[in-house]
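Could you have a look at this structure, given as structure tokens, before my questions?
The values are calculated or read from the model by the stated rules, or taken from the named source; none is laboratory data. Keep in mind it's a predicted model, so treat the numbers as computed, not measured. Virtual Cβ from ideal backbone geometry, glycine too; neighbours counted across all protein chains shown.
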Amino acid sequence: MLDEVVDHGVTPRRLVLRDALDDRELTHLDLAHLAHRYGAPYVVVHRSDLHAVLLRACRAAGVDLVTGTAVTDVEHGPDHAVAVSAHRCDTGRIVLAADGTASRLRRLLSDDEPVSSAYVAYRGTLPLAEHPDTTDLALDDVVVHVGPGCHLVQYPLRRGEVLNQVAVFRSPGALAGHEDWGTPDELDAAFAATCATVRAALPNLWRDRRWRMYDREPIGTWVRGRLALTGDAAHPMLQYLAQGACQAIEDAACLAEQADAHPDWDAALAAYAATRTVRTAHVQRTARQWGELWHCDGLFRATRNALLSDRDPADYRYIDWLHGP
Ligand SMILES: Cc1cc2nc3c(=O)[nH]c(=O)nc-3n(C[C@H](O)[C@H](O)[C@H](O)COP(=O)(O)OP(=O)(O)OC[C@H]3O[C@@H](n4cnc5c(N)ncnc54)[C@H](O)[C@@H]3O)c2cc1C
């Protein structure tokens, strides 16, 4: 499927980190070199384009996709499991719970709850042909402006036809315990002190929808009988490393490998969990730290900027663990 994903997406030139207050470039990664180093392209792809590629591949493999059906429970047999919903029961050798951050099935294994980061995201995609005012932007780069309590990410999608923009900020309403937190007024206030490039992006965000950012503490137990967790149900993380869906895809690759390597599903699931819980816990924790680095202020911001500006763009010591084999 990789060729199809690359064809629908964009392989950007650089990943650039800039300061959101003064627009200064702090550091960058050469993504063509990254591809060479890690043996795979760095590609950005629209969520629905990725879904379409995956869906086509599933259908071609004979997968039956049933929508509008909430799985409420899982029943266990000695060598099978049953996904139970209101109007049907589906029996398989395993049940994989991929039901997201608020996972109902995770409750069968753990009583932990989603953790609010008090940050919220606004998004918007912009057809570039209709916006000649965007010609100043670096349209073949992924650009992240990092600022005190806020950041803006911009990158091209769909072979460069649209620009994706995500603005994220810490909500005073969330910190004060208000129910209606992360409002458009808070968005404007959070970015009021940022540079002109960042503020120019705000009018093009959708204001009628927002995404409140939650993760969870890592857990070591992903398997019970023939039920296993995967994706955000297993390891929901803050999006600062852009890894949530990537880690879900790694889960799938790992499970396929373990299923090939072991004679029975019990052993395969145990090996899958042993491999993936350690790795994804590291990604979850690093994503939180990355957010703190992006959103710091005052002396911390000055120190961060000095360190990043001194960084050799060819220094990969902080990302080898993530992208390397
Ligand atoms: C602002 C933002 C930016 C992000 N950026 C990136 C990025 O750049 N790169 C990246 O890799 N990741 C990114 N992510 C993370 C990514 O979106 C998630 O990690 C990914 O969607 C997880 O996929 P999933 O299938 O595990 O869960 P989800 O996408 O949450 O899907 C879960 C599905 O399960 C269904 N469901 C729920 N309960 C039940 C039930 N009881 N029965 C049946 N079905 C059920 C839901 O309807 C939903 O369709 C970002 C997330 C956000 C919010």
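Can you list residue pairs whose Cβ atoms sit under 7 Å apart, with the first residue in the range 46-59 being farther than 19 Å from Val142 by Cα and the second being assigned to a helix (DSSP H, G or I)? Count only pairs 6 or more apart in sequence or on different chains.
What qualifies is Val53/Glu4; Val53/Val5; Val53/His8.
Give the range 108-130 a look and list any residue that's touching a residue at least 60 places away in the same chain (Cβ under 8 Å) and assigned to a loop (DSSP other than H, G, I, E, B), or say none.
Of the residues in the range 108-130, the ones touching a residue at least 60 places away in the same chain (Cβ under 8 Å) are 108-110, 112-126.
Result: Leu109, Ser110, Asp112, Glu113, Pro114.
Run down Ser110, Ser117 and say which single residue is away from the ligand (no atom under 14 Å from the Cβ), of a type in the set (Ser, Thr, Tyr) and either in contact with a Ser or Thr (Cβ under 6 Å, 6 or more places away or on another chain) or within 22 Å of Asp215 (Cα to Cα) (or both).
Values: Ser117 fails: away from the ligand (no atom under 14 Å from the Cβ).
So the residue among Ser110, Ser117 that is away from the ligand (no atom under 14 Å from the Cβ), of a type in the set (Ser, Thr, Tyr) and either in contact with a Ser or Thr (Cβ under 6 Å, 6 or more places away or on another chain) or within 22 Å of Asp215 (Cα to Cα) (or both) is Ser110.
Also: Give the residue, chosen from His87, His76, that is more than 9 Å from the ligand (Cβ to nearest atom), in the same structural domain as Leu241 (by TED's automatic domain parsing), exposed (fewer than 12 other Cβ atoms within 10 Å of the Cβ) and farther than 30 Å from Leu163 by Cβ. First the steps, then the outcome.
Working: His76 fails: exposed (fewer than 12 other Cβ atoms within 10 Å of the Cβ).
Going through His87, His76 in turn, the sole match is His87.
Val16 fails exactly one of the following numbered conditions: (1) under 19 Å from the mean Cα position of the chain (by Cα); (2) outside any helix (DSSP H, G or I); (3) over 30 Å from Leu308 (Cβ atoms). What is the number of that condition?
Failing condition for Val16: (3).
Hey, could you check the range 90-107 for residues that are part of a loop (DSSP other than H, G, I, E, B) and near the ligand (Cβ under 9 Å from one of its atoms) and say which is surrounded by the most Cβ atoms within 10 Å (Cβ to Cβ)?
Ser103
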